[in-house]
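Just so it is clear, none of the values below were taken in a lab; they were calculated from the coordinates. This structure is a prediction, so every number in the text was calculated from the model and none was measured. Cβ placement follows ideal geometry from the backbone for every residue including glycine, while neighbour counts extend to all protein chains displayed.
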Amino acid sequence: MTLAEYREALLDTLGQCFPQAKVTLSESRGLVLTCRAELAEDAYIAVYFNALTGKTGYALVHHGRRVAGCDNYRFWHRHPADAPDQHIPCNAPEPGQVLEEFARIWQQGRT
């Protein structure tokens, strides 16, 4: 996936799942995208994407702690909301899949 394709998919899903979020994007060398979507004063979603290496990471952070996440450091895995320190193997998700899961967690107040 190109950086432009990823950015478009990410922003579309953030707009649908978190319409009130304050989104800050940063791009570097046309290859790396970082995103911070502020959900509340003490909660945000952090996203990292490297179009060259494919390294991707998502974290839902509340009170300075990851409460859920998904990344491909070494292998694709999830950090589930009920055990965010665990590494549960998974298939590579589309950006929307992870953000929709974060939206469910956030709406349920599980953070």
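General remarks:
- Segment 17-51, subset in contact (Cβ under 8 Å) with a residue 24 or more places away in the chain and not aliphatic (A, V, I, L, M), residue farthest from Phe102 (Cα to Cα): Gly30
- All strands (runs of 3 or more DSSP E) inside the chain with 2 or more residues being of a type in the set (Ser, Thr, Tyr): 22-28, 43-50, 56-62
- Selected residue (criterion: surrounded by the fewest Cβ atoms within 10 Å (Cβ to Cβ)) from residues of segment 49-67 that are small (Gly, Ala, Ser) and at positive phi: Gly64
- For segment 27-48, a tally of residues being exposed (fewer than 14 other Cβ atoms within 10 Å of the Cβ), over 17 Å from Pro95 (Cα atoms) and either hydrophobic (A, V, I, L, M, F, W, C) or touching a strand residue (DSSP E or B) at 6+ places or on another chain (Cβ under 9 Å) (or both) returns 3.
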